[in-house]
Amino acid sequence: MSRFRLRCTIAALTGFLVFLLSECNYQKSPGPNPNQTTKILTFGDSITLGVRLGVQENQTFTYYLGQSLRKDNYNVEMIKKGISGETTVGALNRLEQDVINVKPHYVTIMYGTNDAFIDGYINETGEAPRIPLELYKKNLSAIVQRLK
């Protein structure tokens, strides 16, 4: 992803989260409460993890999102829970421990790349994704429902 696209994506998501923070009236005040910290947990695969050869922590989605929100005067604690290679099956397995038990106020979810990957070692015909589309939808729905 180009830096321009990454910045546009981050800007759009930041705007959406600022909207949610405002519209949900989480802080029960007309604006951000500098005395209250809002926990935002990013949950996903290697795209969420971000750190790998050539990518530093301050170049990750979680970092950029936190910085953008702080510029808008939100007091946020960013918690990154990304695992390289993970599918929605793995996400469901660790949802309780890595997300629900942390008690974040907001959660971003980024899954699908590994679910959709067509792996010739797993599927010799090379025609089917690792996780069938219906199971992927079911898993994502279950994640959202459990978070609610």
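Shape of segment 37-116 from its Cα gyration tensor (a ≥ b ≥ c, root eigenvalues): rounded if a/c is under 1.5, otherwise prolate when a/b > b/c, or oblate? Oblate, because a/c is 1.5 or more while a/b does not exceed b/c. An ellipsoid equivalent to segment 41-87, defined through the eigenvalues of its Cα gyration tensor, has semi-axes of 21, 12, 6 Å when rounded to whole angstrom and sorted largest first. A 1.4 Å probe run over the protein chains yields, for segment 54-148, 61 Å² of accessible area per residue, whole-number rounding. Separation of the alpha carbons by more than 25 angstrom is noted, of 103/138; 81/137; 71/137, for 71/137.
Annotation: for a label point projected 7 angstrom from Cα along Cα→Cβ of residue 145, residues of segment 90-116 with backbone N closer than 16 Å are 92-93, 95-96.
The values are calculated or read from the model by the stated rules, or taken from the named source; none is laboratory data. From a predicted model like this one, the values you see are computed outputs, not experimental measurements. Here Cβ is always computed from backbone atoms with ideal geometry, including for glycine, and neighbour counts include all displayed protein chains. Note: areas computed on protein heavy atoms with side chains; ligands, DNA, RNA excluded. Shrake-Rupley method; radii C 1.70, N 1.55, O 1.52, S 1.80 Å.
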